[in-house]
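Q: Got a structure for you, written out below as structure tokens; questions coming shortly.
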Amino acid sequence: MKILVIILLITVVGCSGGGSQLKDGFITVDVTKRYPEKDLILQDFMDVEYIPLETNDDFLTQGRVLAISKDFIVVKNRINDGDIFIFDSTTGKGLRKINRRGEGPEEYIDIMGIVIDEDMDEMYVHNGAGSGRILVYDFDGKFKRSIRYKEGSSYWHLHNFDRENLICYDNFFETRSVQHPLVLISKQDGSITKEIQIPYEKKISTSMNVKVGDMGLFLGANRFPIICYLDNWALSLPSSDTIYRYQPDHTMTPLIVRTPSIQSIQPTVFLFPWILTDRYYFMETVKKDFDPVTKQMPSTDLVYDRQRDALFEYKVYNNDYAEKKLISFSSSNTTISPRPLNDEIASWQVLEAYQLVEDYEKGKLKGRLKEIVSKLDKEDNPVLMLIKYKNK
């Protein structure tokens, strides 16, 4: 009888993810531990929608999605041709194509990212090639103004914060004397309206150089420091032990705390948030080390189940395939964006038409996806898979 009780206790502990992680409203994650595995079906906790992007002579795109709003999907090509495609976010119909590429004061050299403010009829094009400015257009491509970076800054990971401000990350944090890289900047002139101060002891670089044979490799563990968390934001710095919840009224409270401290562990293990839902927190740990097999830093996908108060290593499957298809919410999957786009869309994935048609012909698809693909040609534009919060 005692042996049976012991076995039951071991089983309960083994399946629980290692005991309670919740304390004072935030969770703790031990980045050195291994957690039990958990399989998830995407459609059980997210709404999935498929948008076939219209294909015609004027709308041929490789489908790199830059922004999605209530009415618009904004897409560019992988090559630097300057084309910006705007599709209807409900039907996928092509609405207009804009190209303001050039070296003039009202033109962009490259498109590093786009933020859209549908209420203001404005599109913020993050210009590349070290230009130090953001160009603002309306949705017809008419130039409105230029926003300059603060001198000595290089903004990255731009998002629409509110009517007056963008929220962004200063990419010079690791290499220059920037102390607080998360800032709000004015949509009118680029001036800093607020520095968001996340405590940390000292800066820890997320990059490393390694030598493989006669070749040198540069590896980086940069992820997304700004994550849209429903109506709030999840903010993080690699050098900090705490990921914070940041609200529109500027209230900041701990959301996830890592242990042991990043300052005390070698090699360094970073913790990055990905998608945060009403039930699950998807995260990734990245060890600052070299994996000779993948030629990358080793990483582990983690999920915190709020309902069960437990941590797991996870796999997520798309149930719109006859044989459930594995997808990833981390940086290891290059075809999916783990970064939430807004408070409605948690993630997106580009599904190439040729691959979908092949899967359809082999009987691998079902449901709405199968219906859409039955009308596709291999040469068509991609189908956009939108992964939406089920309970906002």
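Q: Students often get this wrong, so check it: of 366/390; 23/202; 93/150; 295/362; 325/390, which have C-alpha atoms separated by over 30 Å?
A: Numbers: 366/390 21 Å; 23/202 26 Å; 93/150 38 Å; 295/362 34 Å; 325/390 20 Å.
From the list (366/390; 23/202; 93/150; 295/362; 325/390), the Cα-Cα distance tops 30 Å for 93/150; 295/362.
Q: If one computes the Cα centroid of the stretch 233-260 and of the stretch 122-150, what distance in Å separates the two points?
A: Answer, in whole Å: 29.
Q: Follow-up. Filter the chymotrypsin sites (Phe, Trp or Tyr not before Pro) in the stretch 152-238 down to the DSSP loop ones having no more than 16 other Cβ atoms within 10 Å, then list what survives.
A: On the way: sites: 155, 156, 161, 169, 172, 173, 200, 218, 229, 233; in loops: 161, 172, 173, 200.
Taking the stretch 152-238 and a limit of 16 other Cβ atoms within 10 Å, the loop chymotrypsin sites (Phe, Trp or Tyr not before Pro) found are 172.
Q: Given the peptides 42-52, 24-34, arrange them by the average over their residues of other C-beta atoms within 10 Å, most packed first.
A: On the way: 42-52: 17.5, 24-34: 14.6.
Per-residue mean Cβ counts within 10 Å order the peptides as 42-52, 24-34.
Q: With a cut-off of at most 10 other beta carbons within 10 Å, and DSSP calling the residue loop, which GluC sites (Glu not before Pro) in the stretch 99-203 qualify? Please list them. Each step should come with its number before you reach the end.
A: Numbers: sites: 103, 106, 107, 118, 122, 151, 164, 174, 195, 201; in loops: 103, 106, 107, 151, 164, 174, 201.
Sites meeting the loop and neighbour criteria: 103, 151.
Q: Between residue 319 and residue 70, what is 0.36 nm times their sequence separation minus the Cα-Cα distance? Round to one decimal in nm.
A: Computed gain between residue 319 and residue 70 is 87.1 nm.
Q: Name the GluC sites (Glu not before Pro) in the stretch 257-323 that are in a loop by DSSP and that have at most 14 other C-beta atoms within 10 Å, would you?
A: Numbers: sites: 284, 313, 323; in loops: 323.
The qualifying sites are 323.
Q: Could you give the length gained on full extension between residue 58 and residue 194, defined as 0.36 nm per residue of separation minus the Cα-Cα distance, in nm? Please report the intermediate quantities before stating the final value.
A: Details: separation 136, 0.36 × 136 = 48.96 nm, distance 4.20 nm.
Between residue 58 and residue 194, full extension yields an extra 44.8 nm.
Readers should treat all values here as calculations from the given coordinates under stated rules, not as data from a laboratory. Bear in mind the structure is a predicted one, so any value in this text is a computation, not a measurement. FYI the Cβ positions are ideal-geometry reconstructions off the backbone, even for glycines, and counts take in every protein chain you see.
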